[in-house]
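See below for the structure under consideration.
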Amino acid sequence: MEYKGYVGSVEFSEEDGLFYGKVMGIRALISYEGSTATELVNDFHGAVDDYLALCEENHTEPECAYKGSFNVRISPELHKQAVIFAMAHNMSLNSLVENSIEQAVHAG
């Protein structure tokens, strides 16, 4: 699910007979639930709206999920090989990583 730039997970508790989830990609814990899909979506929207209102009330900047920047840890040897490959193909390491992830996401 997505609302106002925030992505929410969807889980189901068989024991409770409830759908539930949380906003992904930010440190703040924003959770929601519902006994139907409609209730879940409505509670998700309400939880995001409440979070944004609280941030505004406290004069704090809301966390932005998926800013497009993240750290990747790889072996030094793979790092070296990636830099050499990128340079040989007149591209930045960042472009190589972005292209590789894009291909993987669209392939699968």
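The values are calculated or read from the model by the stated rules, or taken from the named source; none is laboratory data. Nothing here was measured: the structure is a model prediction, and the numbers come from that model. Every residue, glycine as well, gets a Cβ built from its backbone with ideal geometry; the counts of neighbours run over all protein chains shown. To get the accessible areas, we keep the full protein, side chains included, count just its heavy atoms, and leave off ligands, DNA and RNA. Shrake-Rupley method; radii C 1.70, N 1.55, O 1.52, S 1.80 Å.
For this structure, a couple of remarks:
- Taking only the C-alpha atoms of the chain, the Rg (one decimal) and the largest Cα-Cα distance, Dmax (whole number), read 19.4, 56 Å.
- Sulfur and carbon atoms: percent of accessible area, segment 2-58 [1.4 Å]: 48
- Charge tally in the Cβ shell below 12 Å around Ser9, where Lys, Arg are +1 and Asp, Glu are -1, Ser9 excluded: -2
- Using the 1.4 Å probe convention, the accessible area of the chain works out to 77 Å² per residue with neighbouring protein chains retained.
- Within segment 48-105, the trypsin sites (Lys or Arg not before Pro) that combine a DSSP coil assignment with at most 15 other C-beta atoms in a 10 angstrom radius are Lys67, Arg73.
- Taking each DSSP H run with n ≥ 4 as -39500 (n - 2.57) and averaging over every residue of the chain yields -15000 deg cm²/dmol at 222 nm.
- Residue-count net charge about Lys22 - beta-carbon cut-off 11 Å; Lys, Arg +1, Asp, Glu -1: -2
- Taking the longest Cα principal axis of the chain as reference, the axis of helix 37-57 is set at about 80 degrees.
- Tilt relative to the chain, helix 76-88 - C-alpha long axis, 0 to 90 degrees, to 10: 70
- DSSP loop chymotrypsin sites (Phe, Trp or Tyr not before Pro) with at most 15 other Cβ within 10 Å: longest gap in the chain: 1-65
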